[in-house]
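Inspection log for the structure reproduced underneath, given as structure tokens.
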Amino acid sequence: MSKPSPTTYAPYFQKYIDQVRDDDLLTGFTIQAAQVKNLLDSIDEQKSTYAYAPGKWTLKDLLQHITDTERIFCYRALCFARNETFSLPGFDENSYAANTHANKRTWQSLADEFLAVRTATELLFKNFSEEELSRTGLANNNPTSAASMGFITLGHFYHHKKIIEERYF
């Protein structure tokens with residue numbers, strides 16, 4: 001599945017789609033896998049509690065956010081692929097982050113959880129047919145395709161990887 005048309009996702013998500021260099025969704029997941037591992041391995045327990053400014057998320061908070069968001073994006077893709085007719089709700093990432101206990105967990109437990117979610121994400125998209133990937137639904141009242149959710153998922157990780165590299169290291 002090639003990069004989606006801007007008509008198949010909300011304009012807000014363009015910033016994530018633009019982060020993805022690969023034109024093929026499955027290739028994108030394959031290429032990103034090494035970057036995910038390298039990033040997770042570059043952060044130890046001590047570094048994981050760092051926040052670059054008062055009131056900003058720690059690296060633990062940020063990884064929990066990436067994991068939660070990936071789950072939500074996969075749910076949306078699944079709903080669209082299965083022809084859900086209702087608009088799926090948006091979510092407030094700050095409210096979600098405020099209601100986790102990420103900083104009470106170990107970095108390794110958060111990394112393991114993300115890797116498990118990512119494995120499930122890859123399997124989900126790998127096993128969608130071209131027809132399922134092209135199906136659309138509504139997310140936060142915006143028409144969106146299942147394939148778009150895959151590219152948005154990849155781009156969301158790249159977006160936060162860049163923030164980590166620029167502000168946390």
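The values are calculated or read from the model by the stated rules, or taken from the named source; none is laboratory data. Just so you know, these numbers come straight off a predicted model, no measurement behind them. In this analysis, Cβ positions are derived from the backbone assuming ideal geometry, glycine residues included, and neighbour counts consider all displayed protein chains.
Just one of Gln64, Gln46 is within 18 Å of Trp107 (Cα to Cα) and under 14 Å from the mean Cα position of the chain (by Cα); which is it? Spell out the reasoning first.
Numbers: Gln46 fails: under 14 Å from the mean Cα position of the chain (by Cα).
Going through Gln64, Gln46 in turn, the sole match is Gln64.
Can you pull out the residues in the range 31-43 that are of a type in the set (S, T, N, Q) and more than 15 Å from the chain's Cα centre (by Cα)?
Kept after step one, since they are of a type in the set (S, T, N, Q), are these residues of the range 31-43: 32, 35, 38, 42.
Correct list: Asn38, Ser42.
Take the residues of the range 25-46 that are among the aliphatic types (A, V, I, L, M) and in a helix (DSSP H, G or I): which is nearest to Lys126 (Cα to Cα)? Show your work before the answer.
So the first thing to find is which residues in the range 25-46 are among the aliphatic types (A, V, I, L, M), and the list is 25-26, 31, 33-34, 36, 39-40, 43.
If we keep only those that are in a helix (DSSP H, G or I) too, we end up with 25-26, 31, 33-34, 36, 39-40.
Numbers: Leu25: 9, Leu26: 7, Ile31: 14, Ala33: 14, Ala34: 18, Val36: 18, Leu39: 23, Leu40: 23 Å.
My answer is Leu26.
In the range 121-169, which residues are among the charged types (D, E, K, R) and closer than 17 Å to Ala34 by Cα?
Here is the first cut: in the range 121-169, the residues among the charged types (D, E, K, R) are 122, 126, 130-132, 135, 161-162, 165-167.
Answer for the range 121-169, where residues must be among the charged types (D, E, K, R) and closer than 17 Å to Ala34 by Cα: Glu122, Lys161, Lys162, Glu165.
Of the residues Gln14, Gln32, which is touching a helix residue (DSSP H, G or I) at 6+ places or on another chain (Cβ under 9 Å), buried (at least 16 other Cβ atoms within 10 Å of the Cβ) and under 16 Å from His156 (Cα atoms)? Before you say what the answer is, go through the steps one by one.
On the way: Gln14 fails: buried (at least 16 other Cβ atoms within 10 Å of the Cβ).
Going through Gln14, Gln32 in turn, just one is touching a helix residue (DSSP H, G or I) at 6+ places or on another chain (Cβ under 9 Å), buried (at least 16 other Cβ atoms within 10 Å of the Cβ) and under 16 Å from His156 (Cα atoms): Gln32.
So Asn38 fits all but one of (1) modelled with pLDDT of 95 or more; (2) in contact with a helix residue (DSSP H, G or I) (Cβ under 9 Å, 6 or more places away or on another chain); what number is the exception?
Among (1) modelled with pLDDT of 95 or more; (2) in contact with a helix residue (DSSP H, G or I) (Cβ under 9 Å, 6 or more places away or on another chain), Asn38 violates only (2).
List the pairs whose first member sits in the range 12-24 and is part of a loop (DSSP other than H, G, I, E, B), whose second member is surrounded by 12 or more Cβ atoms within 10 Å (Cβ to Cβ) and hydroxyl-bearing (Ser, Thr, Tyr), and whose Cβ atoms are under 7 Å apart, counting only residues at least 6 apart or on separate chains?
Gln19/Tyr158; Val20/Tyr158
Which members of the range 48-62 meet the condition of being part of a loop (DSSP other than H, G, I, E, B) and on the phi < 0 side of the Ramachandran plot?
Kept after step one, since they are part of a loop (DSSP other than H, G, I, E, B), are these residues of the range 48-62: 50-58.
Across the range 48-62, the qualifying residues are Tyr50, Ala51, Tyr52, Ala53, Pro54, Lys56, Trp57, Thr58.
Working only within the range 103-132, note down all residues that are more than 17 Å from the chain's Cα centre (by Cα) and not aromatic (Phe, Trp, Tyr). Walk me through how you get there before you give the answer.
Step one: list which residues in the range 103-132 are more than 17 Å from the chain's Cα centre (by Cα), which gives 103-109, 127-132.
The answer is Asn103, Lys104, Arg105, Thr106, Gln108, Ser109, Asn127, Ser129, Glu130, Glu131, Glu132.
Per-residue answers, yes or no, for (1) touching a residue at least 40 places away in the same chain (Cβ under 8 Å); (2) of a type outside the set (Phe, Trp, Tyr):
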position: Glu45; (1), (2): yes, yes
position: Ser48; (1), (2): yes, yes
position: Tyr52; (1), (2): yes, no
position: Asp61; (1), (2): yes, yes
position: Asp68; (1), (2): no, yes
position: Glu84; (1), (2): yes, yes
position: Ser95; (1), (2): no, yes
position: His101; (1), (2): no, yes
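Would you mind listing the helices (runs of 4 or more DSSP H) fully within the range 63-169 where at least 2 residues are surrounded by 17 or more Cβ atoms within 10 Å (Cβ to Cβ) and modelled with pLDDT of 95 or more?
On the way: elements: 93-98, 107-127, 130-134, 146-163.
Those helices (runs of 4 or more DSSP H) span 107-127, 130-134, 146-163.
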